[in-house]
């Protein structure tokens, strides 16, 4: 009977021994054993580094799990443990199904072999016979789209060409589980879109582990996410919630109490002042409590509070702030996200040309920023609006306060929206094409829609 899970990891750990001097390695091999025989306490000539420590999770069949974390957090090590290229120090890993993995660049390729030869080599490592590859070789090379380079040594390939070939192979393995580690970061935009289309089709029946520093890609592909921090699970759950916590600069740099990292002290709306402004708690500050956002309001052109928006409507976001320090160049901005947490659009006073030294705010001041814009065409659904207060320039600034999901609103577009955000068509016409045999009087004929 087939299990409901595809991957099950329990108390997984990977520890490396690091030696400060080459001679310490030899001492560790010999001296502890001698010291034990002499009845002495064995000395330790190394220090331990825990790349992965006590990690447990389960991925059900047909589920896509995104894995996020900073460089050195243990993401790649975790994937290598799962696929078997590394042996764990402790814990267990259970896999139910055929696994195809795209890990570090060039893994499973021989640099002296041609691309065509490496297809056979890499496919063999993934469990395909030569006969299986013969049947699919043309499709694999067509997917990779590297042309005559298929018959040249892989050592002459660019990083993007290697990724093309490697992804083309795993796309034709007919695996049950795909494991992808940052591989798409070096691909060109057209190939990445091709890979995304393949992944979305594969997700309809297969299981995917997807590692990426691009939280938008994780939010787009994954329903759930796992956040690794220093080899341990910092958070796991619904992708939008986990990514919001990961992107919180205070939480991701480890200088916030654990309760605040997991949302227990996050800012949230607590009351309405009657004019549509939402008063906000100030416990979720980034850095020191020196400047913060007090309340926000989202209004239409007539000043009414907005809960539902229409395309092309003129709207205003008002953000009330206070500061105990001098702000030489204050920046107030916002970003709108969809229900998956994907950032759709935003703006700030710098983008609008209002961020300059002339807008210095003295200590002890309360002020309000108003940002007016035209609402784009959005899919019908729910959206959140996050706000932030910073100081500096667009490129270099200090973040004082960022509030996730300060406001929520719904969109009820009057027309069909294609993509995440659609454009408003101001004017459309069909122009009748004129051939040489047509009369000149028909040259300017058009049909207005």
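Find the percent of Cα-Cα distances in segment 28-141 that exceed 26 Å, and round it to a whole number. The share of Cα pairs beyond 26 Å in segment 28-141 comes to 47 percent. Shape of segment 109-238 from its Cα gyration tensor (a ≥ b ≥ c, root eigenvalues): rounded if a/c is under 1.5, otherwise prolate when a/b > b/c, or oblate? Note, shape of segment 109-238 comes out prolate. Spin-label pair residue 38-residue 134: with each label point 7 Å from Cα along the Cα-Cβ axis, the two points sit 6.6 nm from one another. Residue-normalised convex hull volume from the C-alpha trace of segment 5-249: 164 Å³ per residue.
Modelled spin-label separation between residue 395 and residue 326, with each label point placed 7 Å from Cα along the Cα-to-Cβ direction: 2.5 nm.
Sorted fewest first by neighbouring Cβ atoms within 10 angstrom, 77, 89 come out as 89, 77. Per-peptide packing, taken as the mean over residues of other Cβ atoms within 10 Å, places 168-179, 33-44 in the sequence 168-179, 33-44 from highest down. The stretch between residue 30 and residue 93, if pulled fully straight at 0.36 nm per residue, gains 19.4 nm over its current Cα-Cα span.
Quick note: the coordinates plus some simple rules give every number you see, no bench work behind them. Note that the structure is predicted; figures quoted are calculated from it, not measured. We place every Cβ from the backbone using ideal geometry, glycine too, and count neighbours over all the protein chains shown.
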